[in-house]
1. Percent of accessible area on the range 1-72 owned by carbon and sulfur, 1.4 Å probe?
2. Which aspartates and glutamates have a Cα less than 16 Å from the Cα of Lys86, not counting those fewer than 8 places away in the same chain?
3. Explain nothing, just the number: dipole magnitude of the range 125-271 about its Cα centre with +1 on each Lys and Arg Cβ and -1 on each Asp and Glu Cβ, in debye rounded to the nearest 20.
4. Of the DSSP beta bridges with both residues in the range 116-263, give the percent that are antiparallel, rounding to the nearest 5.
5. Going by amide H atoms built from the backbone, whose H comes under 5 Å of the H on Val204, apart from near neighbours?
6. List the extent of the Cα atoms of the range 178-309 along each of their three principal axes, largest first, rounded to whole Å.
7. Could you compute the net charge surrounding Gly214? Neighbours are other residues with a C-beta less than 13 Å from the C-beta of Gly214; K and R count +1, D and E count -1.
8. Output wanted: per-residue J couplings in Hz (rounded whole) for the range 220-235, from phi through Karplus 6.51 cos²θ - 1.76 cosθ + 1.60, θ = phi - 60°, x for Gly and Pro.
Amino acid sequence: MRRVVVTGATGTIGRAVVAALHTRGDHVVALSRDAERARAVLGNVEVHAWRSPTRQSPPSAALDGAHAIIHLLGEPIGQRWTAAVKRELRDSRLRSTRLLTRAIHARATGSPPLTFVSQSATGFYGLHGDAWLTEQSPPGTDFLARLVVDWEHESLAAAAAPNVRVVVSRTGVVLSSHGGALEKMAPPFKFGVGGPIAGGRQYVPWVHIDDVVGALLHCLDTRAAAGPINVVSPNPATNAELSRALGHALHRPALLPVPGFVVRALYGEMSMTVIGGQRVSAAKLEGLGYVFVHPHLDTALRDVLSAAA
Ligand SMILES: NC(=O)c1ccc[n+]([C@@H]2O[C@H](COP(=O)([O-])OP(=O)(O)OC[C@H]3O[C@@H](n4cnc5c(N)ncnc54)[C@H](OP(=O)(O)O)[C@@H]3O)[C@@H](O)[C@H]2O)c1
């Protein structure tokens, strides 16, 4: 039985990852700032408190003997980016990853080989037009891109420790029935006032939650998986196509365009994550043998929305 540590285990992705690991028979060790709440949320898994991931080392009792760590914690991106929020967005990711990487370097000799799958985001690439983006494409220069570059740098430092394989999972916009992007996108459509945003021509690197979980576990299990790997569907859609598919899945019209300035007024600088486009390739993940469960937008959306109903 493998011992797999999961940070951010109570989040949208973390809960799904914990459930999948548990179902396939791995021993899951969840880390949370609030262990009691995590136990209530996650049920029958070993939970350890990591109360202050920006200031304290992760609990060594949790990491001892671990075969893998899936590192998912981070202050939510989908909120207005005040100066204080920006600080927390960076600190929660960079400092926690640095502390985790240090703990990985300090592991006792004789510890089992370790796979470190550390979350990243397609925000790495910044704003782009229609050009396909692969793991070799250069990073962007906006706030989010710089954050992700620094975050990946902290994660990849773990690879200098002996017997450690590191994957940074550059994840796109996750479609899930609990939390995530759809929680914000779906309500206007339900009221019949949804539509394409800022012209709708920008690409959205969407991915179904089952494929995020599938891809993370595939990276865990596949020795050839290393370095940055895009976790996105092989069929990115434009924002207009996503709006149409969402309207269709909800049996509502998707006709009311939302001008970019409205989104900017609502969300400030964070709006660039919606207004800007990225056409991200899943070729590396597929080349590693991963087969998508939900490669097509219409069926992916129908699946997620029926689970939420
Ligand atoms: N969902 C997406 O579309 C998407 C796409 C690309 C990348 N990502 C990244 O993937 C990771 C997980 O995403 P998610 O959607 O599952 O996130 P989430 O639902 O917001 O959960 C993240 C978890 O991190 C912990 N956390 C939240 N704020 C924190 C803070 N300020 N300091 C320390 N810990 C904090 C929380 O766990 P406790 O309260 O139990 O400690 C929370 O359950 C995040 O880093 C996110 O940016 C997500």
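1. Answer for the range 1-72: carbon and sulfur cover 46 percent of the accessible area.
2. Partners within reach: Glu75, Asp142, Asp150, Glu269.
3. For the range 125-271, the charge dipole is close to 400 debye.
4. Details: 2 of 17 bridges.
Bridges in the range 116-263 are about 10 percent antiparallel.
5. Ala237, Thr238, Asn239, Gln278
6. 47, 32, 22
7. Result for the neighbourhood of Gly214: -3.
8. Once θ is set to phi - 60°, the couplings for the range 220-235 become 4, 8, 9, 5, 6, 7, 7, x, x, 9, 5, 10, 9, 5, x, 10 Hz.
The values are calculated or read from the model by the stated rules, or taken from the named source; none is laboratory data. None of the values given here were measured: they were computed from a predicted structure. Glycine gets a Cβ as well: all are built from the backbone with ideal geometry, and neighbour counts include every protein chain shown. To get the accessible areas, we keep the full protein, side chains included, count just its heavy atoms, and leave off ligands, DNA and RNA. Shrake-Rupley method; radii C 1.70, N 1.55, O 1.52, S 1.80 Å.
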